[in-house]
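Read through the structure below, which is laid out as structure tokens, and then see the notes.
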Amino acid sequence: MKIRKKGKGEPEIPNASMSDVAFLLLIFFLVTTIFNVEKGLDIVLPNLGTSPKRIAKQNLCEIKIAASGRVTVDGVETAVRGLEDVIRRRLIENDKTICVIETHPASYYGIMVDVLDELKLAEATKITLRTGGGG
Amino acid sequence: MARKEKFKRGAKGFSKVPTSSMADIAFLLLVFFMTTTIFRMEDGLPVELPKAAATKQFPREKLAHIWVDARGQISINDKLVDVRSIQSLILRRLQLNPALVVAFNADKKVSYKIMSDVMEELKQVNATKVSFNADYEPRR
């Protein structure tokens, strides 16, 4: 007798919290969506029409990346991390400084990007890429 | 006086905001955002990008991607291509959009020779605006 079925009252699914659940999902997806933002270091290559210009020696800052990955600034070996300060100092001394990154073809691309990053951090604007060695 | 009686505040029956359609609205928004989200079209090649701090962001519609993996394979539009066919592919994109920026998604372990060759090809078609894509890693 005790477990008799109830006669009155239709069973109901509580739908008051449904919107809460839906909004929760919405916010979850909004927050966890990672947009593919691409970031890069930009540089303008010389085009075909540009004839090579003579650059005065005192305005030139030659950064060489050897095949072994060693980086030299005008012949002086420098750590990649320390390049920013070196270049910044050069730019204070002479704001017409043109930085040339000469990379050995057997070297890694990643090192060149590291060096370029340092130059960008030092706010150098005149940057040229060159392939050194046998290239 | 009888008229005034009509505007008396109702004693019984609370006013309710209809909440039954709220879930529908929320789901509609959910579905809308799910369907309108555009994912990256190109898969490219698996690369380990170099890390950099001084990176800049470019509008997506300006970019043309060139993927170079550690073994030196080059991919454009999800097709493996030869160095010599870069010229024609990029030229076509450049004609559609003269402000094109060529973005390199190159592995940091790739030999500089390959990158130098690719850049030489770009110079030939006057695609001079280049970006070396990198993972942003703030300094200090």
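The values are calculated or read from the model by the stated rules, or taken from the named source; none is laboratory data. Here the structure is a predicted model, which is why all the values come from computation and not from measurement. Cβ atoms come from the backbone with ideal geometry, glycine included; neighbour counts cover every protein chain shown. We work out accessible area using only protein heavy atoms, side chains counted, and drop any ligands, DNA or RNA first. Shrake-Rupley method; radii C 1.70, N 1.55, O 1.52, S 1.80 Å.
Please report, as a whole percent, how much of the solvent-accessible surface of chain A comes from carbon and sulfur atoms (probe radius 1.4 Å). Solvent-exposed carbon and sulfur of chain A make up 57 percent of the total. For chain B, with a Gaussian network of springs between Cα atoms less than 10 Å apart, report the residue from B:53, B:99, B:23 with the top mean-square fluctuation. Top of the fluctuation ranking is B:23. Note on residue A:29: accessible area approximately 90 square angstrom, rounded to 10, probe 1.4 Å, nucleic acids and ligands left out.
Calculated on the alpha-carbon coordinates, the convex hull of the protein assembly as shown measures out at 330 cubic angstrom per residue.
Using a Gaussian network model of chain A in which every pair of alpha carbons under 10 angstrom is joined by a spring, one finds that among A:49, A:75, A:40 the greatest mean-square fluctuation is at A:49. Exposure check, 1.4 Å probe, all protein chains in place: residue B:55 carries approximately 30 Å² of accessible surface. Largest GNM mean-square fluctuation across B:43, B:69, B:24, computed for chain B with C-alpha springs under 10 Å, falls on B:24.
Shape summary of segment B:51-136, radius of gyration then Dmax from alpha carbon positions: 12.3, 33 Å.
Remark: mean inter-chain Cβ contacts per residue of B:92-103 equal 1, using a 10 Å Cβ-Cβ cutoff to other protein chain atoms. Relative contact order for chain A: 23 percent, from Cα pairs under 8 Å spaced at least 6 residues apart, divided by residue count. Excluding same-chain pairs closer than 8 in sequence, count the lysine pairs in segment A:1-134 whose Cα atoms lie under 23 Å apart. Total qualifying Lys-Lys pairs in segment A:1-134 comes to 14. Of the whole protein surface, residue B:19 contributes about 80 Å² of accessible area at a 1.4 Å probe radius. Ordered by 1.4 Å accessible area with all protein chains kept, A:109, B:136 run largest first as B:136, A:109.
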